[in-house]
Each structure stands twice: as structure tokens, then as C-alpha cells.
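Down below is the structure, laid out as C-alpha cells.
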Amino acid sequence: MSDPLGRRYQRDPSIVYREIAGEAILVPIRRRTGDLESIYTLNPVGARIWHFLDGDRTLGDIKARLLLEFEGAEPEQVEADLCEFVDQLVQVGGLVEI
Amino acid sequence: MDCPSIPDLNYSDFGKQLGEAVGNRRIPLSAMIELTERCNLRCQHCYISTSAMDADAKSKELSTEQWYRILDELAEEGTLWLRISGGEPLLRPDFRDIYVYAKSKGFLVSLFTNATLITPALADFLHEWPPENVAITLYGATAETYERITGIPGSFQRCRRGIDLLRERGIPFKLRTVVMTLNLDEYWSIRAYAEEIGADFAHDPVVRPAVTDGVGRNPVDLRITPEQVVELEKALPMAEEEWQRLARDYWSKPGDTLYNCGAGLRSLHIAADGMLYLCAMSRERGYSLIDGSLREGWREFLYEVRYQPFTKEFACRDCEMSVLCARCPAFAALENGDPESVVEYVCQIAHLRAETFLP
């Protein structure tokens with residue numbers, strides 16, 4: 001199995017990111033995405049990660065950015081949270097590995 | 001660092017969460033856009049109905065690109081719920097382009113339609129790009145009644161076919177009806193049909209005055225009596241509890257401003273010709289989005305309209321029963337030509353509701 005930190009992902013256009021009144025949300029817009037009767041809310045960390053998932057940065061790059069931005073965070077925990085979050089986004093159709 | 005997560009919320013739960021996040025800020029979370037005033041039906045009661053062939057109305061409609069620009073601006077201003085209405089919006093040949101553009105901006109799009117123009121191809125398209133909801137008005141339980149209202153032979157079957165096409169594909173929709181003299185007898189049959197197919201259903205007992213020339217008949221002539229409105233409500237499950245709850249929660253005199261609803265605070269309306277209004281009924285003062293920006297129209301023009309003060313004394317200012325009453329300044333302006341006036345018909349309904357449902 002490849003090192004997860006080397007993976008790169010791009011956002012799928014069938015889920016749209018919106019910020020409304022300070023709330024970060026993902027809106028599924030097309031049939032192939034997850035639960036179309038729902039929208040997904042992102043907490044501030046999730047919203048930061050979403051912005052970093054630009055198809056260029058690897059998960060390793062994103063982990064490094066998060067460690068810079070969130071002082072005192074444990075590297076192992078950041079990596080585990082990041083990977084789990086990305087897996088969730090892939091499952092709902094919001095991300096595609098490239 | 002908080003653990004990143006993506007809780008999924010249904011639209012209703014998210015609406016509550018967003019309402020709390022918005023607090024006292026003015027954000028047009030909900031926008032209704034009228035793609036056209038024209039309609040393929042000629043409903044006798046309709047408040048906005050111009051013939052499908054009306055060249056003048058068509059010539060005033062915004063272009064596809066103008067709608068794209070307005071949708072961009074709505075997204076910038078924070079709109080989430082976008083209601084596409086008419087007239088009959090499916091008459092626009094560029095309906096799908098505008099709809100997909102709206103979806104791609106991340107709006108939660110709902111569609112207000114009479115369903116008669118829904119084809120298998122359009123239903124497949126809506127299945128691929130699901131709306132939050134499709135609101136369909138069903139005027140009768142039989143072709144005879146439905147078409148007496150719509151004026152178009154064959155429209156009942158086409159409407160029922162449209163509903164079936166959505167059902168077969170699991171596209172969310174709800175049924176609505178306007179109760180009037182022409183269909184009062186079929187109210188319970190319409191409701192039974194909605195229940196039979198598992199559709200959410202609601203009725204509006206109050207026919208509004210027209211905002212366009214309509215079909216030549218004054219819609220208000222089709223109103224059922226205030227007694228009939230309340231008789232109907234009495235027969236509905238939970239009506240008494242619901243009116244009592246509303247009265248308990250919202251019994252109060254209006255504030256110092258003419259408008260006291262969410263229009264201009266959380267919502268706005270854009271007509272087919274690009275005029276920005278507080279709501280579909282409020283057409284006295286509008287702002288042209290062809291000449292100006294949505295940002296300015298919302299932040300400056302509608303702010304001023306929304307917060308205009310009362311200018312005179314009249315009975316509704318001292319009335320605490322507004323929660324039972326369908327009156328609003330826009331309704332009064334259409335009914336009497338004066339936004340600061342009593343609408344006698346709905347005032348009678350409110351008093352009857354109080355006598356009937358409140359302890």
C-alpha cells in the first residue's frame with residue numbers, strides 16, 4: 001500500500017463549497033454524489049483542509065501546513081484526522097484521488 | 001486542532017443552524033426568481049399570469065447571460081435557497097442552462113411549476129441534477145374542475161403525467177392547491193390524492209389580487225367566504241393545536257415598521273424583467289438589476305423599503321392578531337391601493353379563527 005502522505009486529491013465539481021454567514025458547507029449538486037438530501041458542514045479545520053486539497057499538494061504537504069497553522073497539534077493525530085477526513089470526502093463524492 | 005469532520009445535515013436542520021449563525025444580520029438566504037411572467041395555463045385565480053405567446057412580456061425578460069450575472073451576485077451576497085418560479089419557468093427554452101448554472105453555484109434549488117410541461121427527458125434531467133424540491137400546484141381532483149380553472153383542455157392529464165414522471169424517478173416534490181369557489185368541492189379529493197401518493201400537501205385558502213392583468217377576471221371574485229375558510233380548517237387534523245401554538249408564540253402588535261416579515265431581511269424576489277422586490281406581492285417599489293447591482297439593490301434600496309415606517313394610524317397597527325391574519329402591506333397595496341390599510345376579507349378570517357380556535 002502506498003504512503004498515504006504521498007497521495008494527491010482534487011475536488012469533484014459535483015460538490016460545491018459555499019461560505020454563508022461564516023458557515024462552511026459542501027452542497028452536493030449531482031446524482032453521483034453522496035446523500036443528495038443533505039448538505040455537509042465543515043468546521044474551520046475541515047474548511048482549511050478543503051482549500052488545501054487543490055490537486056497539487058500531497059497529504060504530506062497539507063499535514064505540514066496544518067502543523068504550522070495549529071501550534072501544539074500532535075503530528076500523528078493530525079495525520080490520522082486528515083486521512084480520515086479525506087476518506088469521508090472521497091466517500092461522499094467530494095474528492096477524487098489523482 | 002479540532003478534529004475535522006463533515007457532519008451531514010438535512011436541509012431543515014441546517015436551516016435552523018444557519019438561522020442561528022446569521023443572527024441579526026441581513027442576508028438574503030432565500031431568493032425567488034421569476035424566469036417569466038408567461039404561462040401555458042390561463043388560471044382564473046392567478047396573481048401573475050400572462051399568455052405564453054405574449055410578445056411584449058417575452059421581450060422584457062432577462063437574457064440567459066443576465067440571469068447568470070444575477071445568480072453570481074446572489075451567491076456572493078449569501079443566498080442559499082433559490083426558488084425558480086414564474087409564470088411557468090419551464091416555458092423558457094434556456095431553463096436547463098439557467099438551472100444547471102444555479103446548481104453549479106451551490107444553491108439549493110427548488111422549482112415552482114404546474115408540471116404540465118414535464119417530459120420524460122426533463123424528468124431524467126431533474127433526476128441527474130436533483131432539485132431540493134418541486135412545488136406543484138394541483139387545482140382539482142378531476143379534469144373538469146382543474147381545466148375549468150386553468151382554461152386549457154388536456155392540462156389535467158399533462159399535470160398528472162408530470163407528477164408521475166417525478167414519482168417514478170424519486171424526485172422530491174410537494175403538492176399545493178389554492179382553494180377557491182371553483183374547486184372547494186374537490187378539496188378533500190385533492191388532499192386524498194396527495195396522501196395516496198405520499199406527497200407533502202398544503203393549501204392556501206386566500207386568493208390574492210392580481211399583480212398583472214391576468215386573464216380578464218378579478219381573481220378575488222373567486223374567494224370562498226371567511227366562514228368556509230375556517231370550516232375547512234376546523235376539519236383538518238391538529239388545526240386547533242397549531243393555531244393555539246402560533247397565537248401563544250407570536251401574539252403581538254406590529255413593530256414600528258410597515259413590513260414585519262422576513263422579506264428584505266432574509267429573502268428577496270426578482271421579477272422576470274429584472275426588477276428586485278421585497279417579495280412576489282410587493283411590487284410598489286422595485287430596483288432594476290439591469291441598471292444596478294444586486295449588492296446595491298439589496299444593501300441600500302431594499303433596506304430602505306424594508307424599514308420604512310408607518311405614516312399614519314390605522315386599525316392593524318393596534319391589532320395583536322397578525323399571526324392569524326394573512327394581511328401584509330404588499331397584500332393591502334394590491335387589494336386597496338394602500339399598504340397602510342385593512343384587508344377586510346383576511347381580517348374577517350382572522351377574527352373567525354380567534355373565535356373558533358382560541359380558548
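The values are calculated or read from the model by the stated rules, or taken from the named source; none is laboratory data. No experiment lies behind these values; they were computed from the predicted model shown. So basically every Cβ, Gly included, is an ideal-geometry build from the backbone, and we count neighbours across all protein chains shown. Side chains are part of the model used for accessible areas, which takes the heavy atoms of the whole protein and leaves out ligands, DNA and RNA. Shrake-Rupley method; radii C 1.70, N 1.55, O 1.52, S 1.80 Å.
Observations on the structure shown:
- The single condition from (1) charged (D, E, K, R); (2) touching a residue at least 24 places away in the same chain (Cβ under 8 Å); (3) surrounded by fewer than 21 Cβ atoms within 10 Å (Cβ to Cβ) that B:Glu65 fails is (2).
- Looking at B:Leu182, B:Leu111, B:Leu165, just one residue is closer than 23 Å to B:Pro226 by Cα and either open to solvent by 50 Å² or more (accessible area, probe 1.4 Å) or more than 14 Å from every other protein chain (Cβ to nearest Cβ) (or both), and that residue is B:Leu182.
- Unmet criterion (only one of (1) in contact with a Gly (Cβ under 6 Å, 6 or more places away or on another chain); (2) facing chain B (nearest Cβ under 10 Å)) for A:Gln91: (1)
- Filter result for A:Glu71 (more than 8 Å from chain B (Cβ to nearest Cβ), on the phi < 0 side of the Ramachandran plot and either buried (at least 21 other Cβ atoms within 10 Å of the Cβ) or touching a residue at least 40 places away in the same chain (Cβ under 8 Å) (or both)): no
- Considering residues of the range B:119-141 that are farther than 16 Å from B:Gly106 by Cα and among the polar types (S, T, N, Q) only, the residue nearest to the chain's Cα centre (by Cα): B:Thr137
For (1) facing chain B (nearest Cβ under 7 Å); (2) in contact with a His (Cβ under 6 Å, 6 or more places away or on another chain); (3) modelled with pLDDT of 90 or more, each residue gets a yes or a no:
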| position | (1), (2), (3) |
| --- | --- |
| A:Arg30 | yes, no, no |
| A:Thr33 | no, no, no |
| A:Ser38 | yes, no, no |
| A:Ile49 | yes, no, yes |
| A:Arg57 | no, no, yes |
| A:Leu67 | no, no, yes |
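- B:Arg248 being open to solvent by 80 Å² or more (accessible area, probe 1.4 Å) and of a type in the set (Lys, Arg): yes
- Evaluation of A:Asp81 against (1) out of contact with any helix residue (DSSP H, G or I) (no Cβ under 7 Å at 6 or more places or on another chain); (2) more than 7 Å from chain B (Cβ to nearest Cβ); (3) surrounded by 14 or more Cβ atoms within 10 Å (Cβ to Cβ) (one fails), failing number: (2)
- Strands (runs of 3 or more DSSP E) (entirely within the range B:1-107) containing at least 2 residues that are touching a strand residue (DSSP E or B) at 6+ places or on another chain (Cβ under 9 Å), within 10 Å of another protein chain (Cβ to nearest Cβ) and closer than 30 Å to A:Leu66 by Cβ: B:8-10
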